[in-house]
Structures are given as structure tokens and as C-alpha cells.
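Some notes on the structure that comes next.
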Amino acid sequence: MEEAAARAAQLRQEIEEHNYRYHVLDDPVISDQQFDALMRELVELERRFPELQRDDSPTRRVGGAPRAGFSTVAHKLPMLGLDNAFQLEELRDFDSRVRRLAGLSSVEYFCELKIDGLAVSLQYEEGRFTRGSTRGDGFTGEEITHNLRTIRQIPLNLPDPVTAEVRGEVYINRADFEAMNSLRREQNKPLFANPRNAAAGSLRQLDPRITAARPLRIFFYGLGEHNLPVFTHGDLLAYLERLRLPVNPHRALCRNIDEAWEFCCEWAERRSELPYEIDGVVVKVNDLALQERMGNTARSPRWAVAFKYPPEEKSTRVLDILVNVGRTGAITPVAVLEPVLISGSTVQRASLHNEDILAEKEVMIGDTVVIRKAGEIIPEVVRVLKEKRTGAERAFQMPEKCPSCGAAVHRLPGEAVRRCFNPSCPAQLVERIVHFASRRAMDIEGLGPAVVRLLWREGLVRDLADLYYLKASQLSKLEGLAEKSAANLVAAIEKSKGNPLHRLLFGFGIRLVGEKASRLLAEHFLTLDRLREAGPEELTAVPGIGPKIAGAAIRFFQAPETAELLDKLAQAGVNFNEPVVEGDTAGERVLEGKTFVFSGALKRFTRHEAAGLVTERGGRVSPAVSRKTDYLVTGAEPGSKLARAHELGVAVIDESAFLELLQLQ
Ligand code: IVH
């Protein structure tokens, strides 16, 4: 037994050493197989001698059952934000304030990259990682120890028995983010807009196994409560590094603000060389005693400033302009670009929105253009660099015929887009199936755009209803669909048969009948048959349904193709009813007349689900806080809406108060 304990301790130390070499230093000295063998030996020892099991063992990095919710952690010292500077002038103003407060003619600064991820705090007690949390609202955060433990760069034990709170930024590398999103695209899961959101979403998982599968990384940049022997910020980072905590290598001690400015300029140029995203540089007073003397305002320390970079813009060439046919037949131009790396991902396409915008920006094939990605997945063309024209550029003409089916396209008066009106246009049908399967409609996991196109090419689907007649044996023959995923896909399609009517209605993609109208109609009529028979008066009698939506619904239900489609769906056993759950408060309009705004991520629902719960109960959801707002519901990291709500005296409630209002708790 003693022997086993000694061996286990030795294995743990070796494993952590190799983890550090591999994940932090990027300099492994043993092969993956050798590493796995050490892990297996430790797992086996801990299985044979359960008394040897302990929380800080590397075998426990991914462990335990999924949590029911997060508990909160009060930060002993608040996790503050930073003031921003955008120009040299503002940096100089910061420096003047610092020198005035310090009573010094010159102050040393330490510059670091501002990593675009999310802030976390980790508590180490006598060298052991005991608890980790998110920043939350700065005063309390969510306890995410189990998720942080899955990050291999984080040591479970420090080489010294140090007690301190260390702070850092969790982030995802651009390349990992791209790989993650392309997998999600295939699985028909919603894409993350940027690496930051992906990191935040990954850390806020209740099941650590999901977090473990995400490529999270971390850089440490500061301390909370501690009594470590450090006197300058530079020392502090060197000390963290000695504790084997990953610290960003691109940092510099600057003798004055001009040198700090140089650092900011250098990384503005070089930011695209980095494998991760930065949104600026943090300039900090180097002397920790001086930091302490200067103190904080309510929101941010007086001794630091974030020099922020503008959203990344890149120039590239337009190789071609293609047109896309959407599910409503809208024909939109898209620029095909020479691939460039921008804001975390390689970009090859940019939206040109519609022909008016295309004409206004005067984009030609062969042009060099500036593109920008401001949070969205698809970037936009900002402007053409006309001085780079060589004369070889070609003007682009919007087609007179649909590129998919060849039918004539028309632009209706008052509309910005041309449309193809052919009801059996293949491009539209494919897009309609993609929409039908999408998350907010029938939510068929595994049926993303690529799989729909494959099914179409193979002639296995021609309309929505064909999905319900697919067999696993047909699918598993297709290239790129293994037997397992074929079976999963058939199961996901089968499961979707039981969806409530409002999802089906939304999935039909009837013009003007969005998610909200679908719900209103489904909840009012309860069955598809009653809805089909409703005339204009009956439809417009439903609160929230106007004559335009009513007209669109009637046109859809009167079309001969619709009758055929509905018959096929009914025969396949697709549910046509909206469930009325007994005792469900959804039927009672308990939130009638109340307006809600959401800010920050909720734990129990997506924003969409939460909005659905409010509207089901007769309430309204608005995107921004105004005097008309009754409640601001805050999740984690609520952002600027919170300040606005305080300003206007709007009631701010958290998720559990929200659940109570919904009568779900
Ligand atoms: S220092 C009290 N250093 O930026 C100052 N922050 O806008 C604490 N961040 O919440 C922050 N890289 O999430 C600091 N090298 C760095 C940083 C950094 C990213 C984030 C951090 C913080 C936010 C402030």
C-alpha cells in the first residue's frame, strides 16, 4: 500500500511535468504513447486503491457528473474592467493623470497584449488548485472549477506551496476555432461568431466533458489576494511563470509612455502573426506599491489602461462575384475573395447584400477591396481601393435568369432584391430543406447544409417530406456519411416528427411567417387542419397577426404543392398539433403587458428559449432597455444594458427571479 501511494505520487508528478512540457512549453520529451501509459498506470492504481484517489489527480481533470447549475463565488477583490484609449492623445492623458497622482515626472509602464477571451480567477491553497470562477459582474462570478480543471495548461498543483488568487484570460486559438465551427456546421449546430464567444460558451458548460473537448487555453496576467514576494508587475509575471502558469511571452517593460506607444504600434502591425486574437494592449503601472496607492475608481483601476485596436480590416482581391439563391428566391451577390486571415478566421467570401449596395460600392471583379468583420461570421466589403485598379477589372451584371433553374428573375416594386419565382427551383428547395432542419425550426441534428446538398445531389430528397422517408441503408452508402452517423441522422429525423406545430410552421418558411407568428398561429388554432381552413377574418383576429401575414399564410395553404406536401408529411406520421400541457402556465397570460430585455448568458435557456417563454405568457421582448422596459433579466456578464437599466430605474432581476415570474419555480 505504501508502495502504491509512493508510486501514485511519483506518477502524478511525472504526468504533471509532461503536461507542462507539452501544453505550456510546447516541448514534449516523451511520446503520446508513453504519456498514455503513465496515465493508464495511475488510473489503474487509483482503481485498485480507492483511498489513493484525490481531487487534484491528473486522472480527475475530466470528472464527475454534469452539474444542475452553477453556484456563485464572491470575489475577495473585485475583478475590474479597464478604461479604454484609442489614440496617442488618450494614452498621454492617462500618463499625465498617473504622473500627477504619483507626484513623479516619469513613470515606468509594463505592456502586455490584451487577449480577447474571458477573465477567470483561480484560487490556489498551499499550491493546490481549489476553486475557479468567471468574472461575472466583477463582484460575484460563477464557480467553474470543474471546467477549468479540464484545461491542461492549468497546473493542478504548483511547484511551491503558494496561497494566492491568480487571474487570467481563457481563449481559443483562431485555427482551433475554425475547426470547431466547421464541425458544428456539419452537425447543424449554431456557429460561434468568434473565438471569444466560443471560449465563453465552452467555459459555461454544466457538463465538464463538453468543456474538455473544447480547445481552451489560458494566459495569466495578474493577482487577486496574495502575499507573494513581488514588487513590480514585471516581477509578478516572472513569478507566475516560475509557478508554471502560462504567461504571454509578448510583453515589455517601458521606461515611459512613448515606449508604451511604440509597443502598441508594433502589435497593431503584428497582431495577425499571433495564433490568437487580441483587441489591444494593456498598459500598466509597473510599480505595485504605486498601483496600490493610486487605487481604483468604481469601475476600473487608475493604474492601467487598455489601448484598443479597431476591428480588423484587411485588403484582398475579388476573384469573382457569384450570386446566391436563398430559400425565398432572393438573388444576392457574394464576392469570392482571395483567402485572407481576419479576426480569427480565414475569409473567402464577403456579402455584397444586394445589387444597389453593389452598385453604390462600385465593386468590380478583380478589384482590391477592404473587408471588415465586426462580430458577424460573414464579413462585409467596406470599400474598393480604386487606386489599385489596373484596367483589367470587369464590371458585374446581376443575372436576368436564376443561376440555379434558369427561370426569369424579377425585382418587385419597393424591394431591394431580385427574386426567382419558380416554386420548383432546386437552389430554393435545398435552402428550404436546410431551413426546415435548422435549430429554431425542426432542429434535426446532423442535417446541416452540406448533408442536405449531398442528399439532393444523390436524388434522395426533393421536398421537405422526403426526409421522413429516408432509410439508414440508403444513407450509409453515401460518401462522407458513416454507418453510425446515418443511423443517428435517421433517429434525429424520426425524433423531429414529434415537434410541436409551431416549429413545423416556422420550418415551412412561409414568407412573413417567422418564429413569432408561427407560435401565435399554432397556439391559437392548435391544429394544422383548423389553421388551414381559417379565412382572413379568423386569421387577423389573432392578436399579432396582420393582413399581410394572413395573406401569406392563405397563399401558402391554398397552393396545390402545399396540399401534396402536407399529405406526405401526415402519412409519415409528423405531428400537426400544438400541445396544451395541463397545469402549464404557458396558457395563462401572466406576463400580459410586460416588456422584458435580456442581457448576458442565462444558465437554463438560450435567449431564444427565454424569449419564447415570455411571449407564450403574453409578454413582450425588446432588444434594448428603454423607459418602457419592465424588467431587465441579467445572466452572466450582462454588459452595458445593466448600466442603462440602473439609469432609467428599470427593475433588474436575475435568472431565478425570472423563473419565479414565469411560475416555473
Ligand atoms: S488586466 C484590473 N491584462 O481585459 C485590470 N486584462 O477590459 C485587470 N484582458 O477583464 C485586467 N488581457 O478579461 C489585463 N493582459 C491583460 C489582459 C486583460 C485581456 C481582459 C480581462 C479584463 C478585460 C478588461
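Suppose the filter is among the small types (Gly, Ala, Ser), assigned to a loop (DSSP other than H, G, I, E, B) and closer than 23 Å to GLY81 by Cβ; does ALA624 pass it? Yes. Restricting attention to the range 363-402, the residues being touching a Cys at 6+ places or on another chain (Cβ under 9 Å), open to solvent by less than 50 Å² (accessible area, probe 1.4 Å) and part of a strand (DSSP E or B) number 0.
Does ASN286 count as modelled with pLDDT of 90 or more, within 15 Å of the ligand (Cβ to nearest atom), of a type in the set (S, T, N, Q) and within 26 Å of SER106 (Cβ to Cβ)? So that I can check it myself, show each step before the final result.
Numbers: modelled with pLDDT of 90 or more: yes; within 15 Å of the ligand (Cβ to nearest atom): yes; of a type in the set (S, T, N, Q): yes; within 26 Å of SER106 (Cβ to Cβ): yes.
So ASN286 fits the description; yes.
For the range 93-100, the count of residues that are away from the ligand (no atom under 16 Å from the Cβ), loosely packed, with under 12 Cβ neighbours inside 10 Å and over 24 Å from the mean Cα position of the chain (by Cα) is at least one.
So, in the range 517-539, exactly how many residues are among the hydrophobic types (A, V, I, L, M, F, W, C), outside any helix (DSSP H, G or I) and open to solvent by less than 50 Å² (accessible area, probe 1.4 Å)?
The total comes to 1.
Can you find a residue in the range 618-625 that is of a type in the set (Gly, Ala, Ser), at pLDDT 90 or above and surrounded by 19 or more Cβ atoms within 10 Å (Cβ to Cβ)? Scanning the range 618-625, I find no residue that is of a type in the set (Gly, Ala, Ser), at pLDDT 90 or above and surrounded by 19 or more Cβ atoms within 10 Å (Cβ to Cβ), so the answer is no.
Candidates are the residues of the range 296-317 that are within 17 Å of GLN87 (Cβ to Cβ) and at pLDDT 95 or above; the one that is nearest to the ligand (Cβ to nearest atom) is ALA306. Residues in the range 617-642 that are touching a residue at least 60 places away in the same chain (Cβ under 8 Å) and hydrophobic (A, V, I, L, M, F, W, C): 2 in all.
Checking each residue in the range 634-644 for being of a type in the set (Gly, Ala, Ser) and open to solvent by less than 70 Å² (accessible area, probe 1.4 Å) picks out GLY635, ALA636, GLY639, ALA643.
Yes or no: GLY509 crowded, with 20+ Cβ neighbours inside 10 Å and either in contact with a Lys or Arg (Cβ under 6 Å, 6 or more places away or on another chain) or not hydrophobic (A, V, I, L, M, F, W, C) (or both)? So GLY509 fits the description; yes.
Looking only at residues of the range 133-170 that are open to solvent by less than 10 Å² (accessible area, probe 1.4 Å), within 13 Å of the ligand (Cβ to nearest atom) and closer than 11 Å to ARG217 by Cα, we find that the one that is farthest from the chain's Cα centre (by Cα) is GLY168.
Conditions (1) of a type outside the set (Phe, Trp, Tyr); (2) surrounded by fewer than 20 Cβ atoms within 10 Å (Cβ to Cβ), marked per residue:
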{"residue": "PRO208", "(1), (2)": "yes, no"}
{"residue": "ARG217", "(1), (2)": "yes, no"}
{"residue": "GLY224", "(1), (2)": "yes, yes"}
{"residue": "PHE231", "(1), (2)": "no, yes"}
{"residue": "GLU262", "(1), (2)": "yes, yes"}
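Residue by residue, here is whether (1) in contact with a Pro (Cβ under 7 Å, 6 or more places away or on another chain); (2) open to solvent by less than 60 Å² (accessible area, probe 1.4 Å); (3) touching a residue at least 40 places away in the same chain (Cβ under 8 Å) holds:
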residue	(1), (2), (3)
LEU274	no, yes, yes
GLU277	yes, yes, yes
LEU288	no, yes, yes
ALA298	no, no, no
GLU313	no, no, yes
ARG349	no, no, no
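For the range 562-569, the criterion of being surrounded by 15 or more Cβ atoms within 10 Å (Cβ to Cβ), in contact (Cβ under 8 Å) with a residue 40 or more places away in the chain, assigned to a helix (DSSP H, G or I) and not aliphatic (A, V, I, L, M) is met by at least one residue. Within this structure, ARG270 fails the test of being of a type in the set (D, E, K, R), surrounded by fewer than 20 Cβ atoms within 10 Å (Cβ to Cβ) and within 11 Å of the ligand (Cβ to nearest atom). ARG255 falls short of the stated requirement of being open to solvent by 20 Å² or more (accessible area, probe 1.4 Å) and under 30 Å from ALA392 (Cα atoms). Among the residues examined, GLU14 qualifies as within 24 Å of PRO159 (Cβ to Cβ) and part of a helix (DSSP H, G or I).
Residue under question is LEU191, and the condition is that it be farther than 27 Å from ALA306 by Cβ and not in a loop (DSSP other than H, G, I, E, B); does it hold?
Judged against the criteria, LEU191 is not a match.
Scanning the range 109-132 for residues that are outside any strand (DSSP E or B), open to solvent by 20 Å² or more (accessible area, probe 1.4 Å) and within 8 Å of the ligand (Cβ to nearest atom) returns a single hit, ASP116. Of all residue pairs spaced 6 or more apart or on separate chains, those with beta-carbon atoms under 6 Å, a first member in the range 214-238 that is within 11 Å of the ligand (Cβ to nearest atom) and a second member that is open to solvent by 30 Å² or more (accessible area, probe 1.4 Å) and not acidic (Asp, Glu) are GLY224/LEU77.
If a residue has to be over 15 Å from LEU156 (Cα atoms) and in a helix (DSSP H, G or I) to count, how many in the range 23-38 make the cut? Don't jump to the end; show me each part of the working.
So the first thing to find is which residues in the range 23-38 are over 15 Å from LEU156 (Cα atoms), and the list is 25-38.
Subset that is in a helix (DSSP H, G or I): 32-38.
Residues meeting the conditions: 7.
Taken as a whole, the structure leaves GLU90 outside the set of residues that are within 19 Å of ASN286 (Cβ to Cβ), within 16 Å of the ligand (Cβ to nearest atom) and not β-branched (Val, Ile, Thr). Report yes if VAL451 is assigned to a helix (DSSP H, G or I), touching a residue at least 60 places away in the same chain (Cβ under 8 Å) and closer than 13 Å to GLY507 by Cα, otherwise no. For VAL451, the condition - assigned to a helix (DSSP H, G or I), touching a residue at least 60 places away in the same chain (Cβ under 8 Å) and closer than 13 Å to GLY507 by Cα - is not met. Given the criteria among the aliphatic types (A, V, I, L, M) and within 30 Å of VAL409 (Cβ to Cβ), does LEU341 qualify? So LEU341 does not fit the description; no. Against the test of being within 20 Å of GLY69 (Cβ to Cβ) and loosely packed, with under 13 Cβ neighbours inside 10 Å, the options GLU647, GLU592, GLU609 yield a single qualifying residue, GLU609.
Restricting to the range 425-448, what's the tally of residues that are open to solvent by 20 Å² or more (accessible area, probe 1.4 Å), in contact (Cβ under 8 Å) with a residue 60 or more places away in the chain and within 25 Å of ALA517 (Cα to Cα)? Talk me through it step by step, then tell me what you get.
Taking the range 425-448 first, the residues open to solvent by 20 Å² or more (accessible area, probe 1.4 Å) are 426-427, 429, 431-432, 434-435, 438-440, 443, 445-446.
From the residues that got through so far, the ones that are in contact (Cβ under 8 Å) with a residue 60 or more places away in the chain too are 427, 431-432, 434-435, 438-440, 443, 445-446.
From what's left, within 25 Å of ALA517 (Cα to Cα): 431-432, 434-435, 438-440, 443, 445.
Of the residues in that region, 9 qualify.
The values are calculated or read from the model by the stated rules, or taken from the named source; none is laboratory data. Values in this document were obtained by computation on a predicted structure and should not be read as measured data. FYI the Cβ positions are ideal-geometry reconstructions off the backbone, even for glycines, and counts take in every protein chain you see. Only protein heavy atoms, including side chains, enter the accessible area calculation; ligands, DNA and RNA are left aside. Shrake-Rupley method; radii C 1.70, N 1.55, O 1.52, S 1.80 Å.
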